[in-house]
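Peer 1: Please see the structure below; I have some questions.
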Amino acid sequence: MPKQNKLGVYIHWPFCVSKCPYCDFNSHVEKDIDVEQWEFAYLSELRWMADIYRQKTQYPSVLHTVFFGGGTPSLMPVSIVERILETIEELFILHPKIEVTVEANPSSSELDNLSAFKSIGVNRISFGAQSLNTKTLNFLGRAHDTRDIYKALDVAFGLFNQVSADFIYGIPGQNIGSWEDELSKIIKFDLTHISAYQLTIEPGTQFYSRSKKGEKLTCDDDTIADLYDLTTNVLSSHGYEIYEISNYARLNSQCQHNLLYWNAQDWLGIGPGAHGRFTMTENRRWHSQTRRSPDGWLSSVQKEQHGIEIQNEDYISDFAKEIIVMGLRLTSGIELPDWLIGKSDFINLNWLDEFEKDGFITFNKNHIRVTKNGRLHLNSIVSKLLN
Ligand SMILES: C[S@@+](CC[C@H](N)C(=O)[O-])C[C@H]1O[C@@H](n2cnc3c(N)ncnc32)[C@H](O)[C@@H]1O
Ligand code: SF4
């Protein structure tokens, strides 16, 4: 029997209090949510997916991670989260060190939920703090202010051992001095994990339409490169190791769930617009994608017990691409599986040599890693390596 991948479950909650102008995630503002219907739908799709996983892999389903993402899952009725976790316990063998994360917004209305989440088994909180600068929070259209962040982290530290926060940089007008100032405040929180993302302008967002009309909504590339270097240097000198292109962790605090994605392991995707992927055998990869619209997903689940829109076996070339695109984001790089080593139909071996000479990657037999110098050019490295 081949070595079994680690398995996780991703649950997507697609609702938020307001829509941020830069966000292209599947998130919607909706006041009237029928709690009973949504609970029923999540449980139903969860059972369906667990069944498919068992049928296609014949693995005993040891579950390593659960991740409630969004949207704003900290707004989920606690009863739904509780029923989902109870059902997960029924369907899977839980790994003794299972990681159960909820993404949260720092606004005060949600803080009451945190202790209830803890009591039902959530053990990791990831806050969308985004900035400690009031002007930046306004620019990003966030519904919270800096005081909310301090309050939320204070509550979270009283409850959880693993507390993460997301920040966005690369805002127009930001410079080394202002970002350094923000980083020095971020460090004082003593978070166990930090995600620091460069602002990207995504099609379909309000920022996208504004940028099409000529508004400049990000810093120039040279400043971004300087801010990135600064982030890595400051965080590493305070005990945060960069383990993925935008993610930094204290010892034993890497996000186990996101590592499943970056290492092309197995996860089931539940809820509107969720993707799931798992390996059936060696290089046979199964992929599911559910209906993106919340109403559409809900009515599909009510009719068919699941909201899957696409389910198929990936082409081997897609699996190869997934391994390279996701794996090279990790600073530790990737171990290529035997079926991918030295295969010029999947990896451009000339570019591999070229990038090694340039010092952008290190490569030996089955292990590829992007170096610190290569990280700034990750996208172009990956696209050239892929045939
Ligand atoms: C799934 S999202 C949302 C989590 C949560 N609802 C929130 O906004 O706080 C996860 C993270 O992606 C980042 N993000 C979303 N859109 C982005 C963009 N256009 N550019 C950079 N980072 C972005 C934000 O830091 C966000 O916290
Ligand atoms: S709160 Fe998060 S998920 Fe919701 S719109 Fe804003 S960035 Fe997107």
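The values are calculated or read from the model by the stated rules, or taken from the named source; none is laboratory data. Just so we're clear, the structure is a prediction, and the values are computed from it rather than from any experiment. Please note: Cβ atoms are built from the backbone with ideal geometry, for glycine as well, and neighbour counts cover all protein chains shown.
Peer 1: Against the conditions (1) in contact (Cβ under 8 Å) with a residue 12 or more places away in the chain; (2) farther than 26 Å from Asn138 by Cα, where does Trp13 fall short? Just the number, please.
Peer 2: Answer for Trp13: the failing condition is (2).
Peer 1: Which condition from (1) buried (at least 17 other Cβ atoms within 10 Å of the Cβ); (2) in a strand (DSSP E or B) is the one that Tyr197 breaks?
Peer 2: Every listed condition holds for Tyr197 apart from (1).
Peer 1: Hey, which of the helices (runs of 4 or more DSSP H) in the stretch 284-387, taking only ones fully inside, have at least 2 residues that are acidic (Asp, Glu)? Don't jump to the end; show me each part of the working.
Peer 2: Working: elements: 294-304, 316-327, 349-358, 372-375, 378-385.
Per the criteria, 294-304, 316-327, 349-358.
Peer 1: Kindly list, by first and then second residue, each pair from a residue in the stretch 44-58 that is farther than 12 Å from Ser288 by Cα to a residue that is of a type in the set (Ser, Thr, Tyr) and part of a helix (DSSP H, G or I), limited to pairs with Cβ atoms under 6 Å and residues at least 6 apart or on different chains.
Peer 2: Pairs found: Leu46/Thr87.
Peer 1: While we're looking at this one, here's another question. Can you tell me which residue is surrounded by the fewest Cβ atoms within 10 Å (Cβ to Cβ) among those in the stretch 236-270 that are touching a helix residue (DSSP H, G or I) at 6+ places or on another chain (Cβ under 8 Å) and either in a helix (DSSP H, G or I) or of a type in the set (Gly, Ala, Ser) (or both)?
Peer 2: Tyr261
Peer 1: Test Gly158 against the criterion of being more than 11 Å from ligand 1 (Cβ to nearest atom), surrounded by fewer than 19 Cβ atoms within 10 Å (Cβ to Cβ) and not in a helix (DSSP H, G or I), and give yes or no. Walk me through it before giving the result.
Peer 2: On the way: more than 11 Å from ligand 1 (Cβ to nearest atom): yes; surrounded by fewer than 19 Cβ atoms within 10 Å (Cβ to Cβ): yes; not in a helix (DSSP H, G or I): no.
The answer is no for Gly158.
Peer 1: Provide a single number: the residues in the stretch 302-331 that are buried (at least 20 other Cβ atoms within 10 Å of the Cβ), out of contact with any strand residue (DSSP E or B) (no Cβ under 7 Å at 6 or more places or on another chain) and within 14 Å of His275 (Cα to Cα).
Peer 2: Count: 1.
Peer 1: Just checking: which of the strands (runs of 3 or more DSSP E) contained wholly in the stretch 29-139 hold 2 or more residues that are acidic (Asp, Glu) and assigned by TED's automatic domain parsing to the domain that holds Asp154?
Peer 2: 93-104
Peer 1: Scanning for something aliphatic (A, V, I, L, M), buried (at least 19 other Cβ atoms within 10 Å of the Cβ) and touching a strand residue (DSSP E or B) at 6+ places or on another chain (Cβ under 8 Å), does the stretch 23-39 turn up at least one residue?
Peer 2: Of the stretch 23-39, the ones aliphatic (A, V, I, L, M) are 29, 33, 35.
When the remaining residues are screened for being buried (at least 19 other Cβ atoms within 10 Å of the Cβ), the result is none.
No: the stretch 23-39 contains no residue that is aliphatic (A, V, I, L, M), buried (at least 19 other Cβ atoms within 10 Å of the Cβ) and touching a strand residue (DSSP E or B) at 6+ places or on another chain (Cβ under 8 Å).
Peer 1: Let me ask something else. Output yes when any residue across the stretch 35-50 is touching a Cys at 6+ places or on another chain (Cβ under 9 Å) and either small (Gly, Ala, Ser) or at pLDDT 95 or above (or both), and no when none is. Lay out the reasoning, then the answer.
Peer 2: Within the stretch 35-50, the first condition is being touching a Cys at 6+ places or on another chain (Cβ under 9 Å), and the residues that meet it are none.
No, the stretch 35-50 has no match at all.
Peer 1: Search the stretch 357-387 for residues being at pLDDT 90 or above and more than 29 Å from the chain's Cα centre (by Cα), and hand back the single one that is surrounded by the fewest Cβ atoms within 10 Å (Cβ to Cβ).
Peer 2: As a first pass, look at the stretch 357-387 and keep what is at pLDDT 90 or above: 357-363, 367-375, 377-386.
Okay, now just the ones that are also more than 29 Å from the chain's Cα centre (by Cα), so 357-358.
Details: Lys357: 9, Asp358: 13.
In this case the residue turns out to be Lys357.
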